[in-house]
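Chemist: The structure is given below, and queries will be raised subsequently.
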């Protein structure tokens, strides 16, 4: 479950279907009991999943304010939480660091390729060829001297 906290709060609100009748109970009894001890509240499996995910998503301060957050979300006043903003900022920072690491790796690769080109050791330039100088006449490619026969 990879939701942001407001969406999880919406899911929890949706689990509690009798808001017209039980709003006071949900906000002043059930939600505070969940905050104090999530396992002590009589929750169904879906509610337990949502509460566990919410507890991971919310900061400690936000968790303590869960009844207020639920009320604000129902009133349409809660759009984003500080913990969501902090997570988004941390994710952006991690992505930036990854991009910088990749750019540094590519720069090192380009520098290495440039050095290899300078010494003629790249597969793109083909084999290294040595031009024969006049002092090498009479020497075979394998280093053996050639015998010349005069007529």
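Nothing in this text is a laboratory measurement; each read-out follows from the coordinates by a stated rule. Predicted model, so just to flag it, every value in this text is computed and none were measured. Heads up, the Cβs are rebuilt from the backbone with ideal geometry, glycines too, and the neighbour counts pull from every protein chain shown.
Chemist: When only Cα pairs under 8 Å and 6 or more residues apart are kept, what is the percent relative contact order across region 5-80?
Modeler: Across region 5-80, relative contact order equals 47 percent.
Chemist: Separate question: Using only Cα positions of region 34-76, each an equal point scatterer, no hydration layer, compute I(q)/I(0) via Debye at q = 0.24 Å⁻¹ and quote the log10 values to two decimals.
Modeler: Debye intensities relative to I(0), on a log10 scale: -0.89.
Chemist: Can you figure out the FRET efficiency of residue 82 with residue 36, using R₀ = 25 Å and their beta-carbon distance, to the nearest 0.05?
Modeler: 0.70
Chemist: For the pair residue 75 and residue 91, how long in nm is the line joining their label points, each one 7 Å along Cα→Cβ?
Modeler: Each label point lies 7 Å from its Cα, and together they span 2.8 nm.
Chemist: Which FRET efficiency value, to the nearest 0.05, is calculated for residue 19 and residue 99 with the Förster distance at 41 angstrom and r the Cβ-Cβ distance?
Modeler: Computed FRET efficiency for residue 19 and residue 99: 0.35.
Chemist: Find the Rg to Rh ratio for region 5-80, where Rh is the Kirkwood radius over alpha-carbon pairs and Rg uses the same atoms.
Modeler: 0.91
Chemist: Sorted by average packing, counted as other Cβ atoms within 10 angstrom per residue and highest first, what order do 30-36, 104-110, 80-86 take?
Modeler: The peptides rank, most packed first, as 30-36, 80-86, 104-110.
Chemist: So, one more: Using a 10 Å cut-off around each Cβ, can you sort 19, 63 from fewest to most neighbouring Cβ atoms?
Modeler: 19, 63
Chemist: How do 119, 51 line up, fewest other C-beta atoms within 10 Å first?
Modeler: 119, 51
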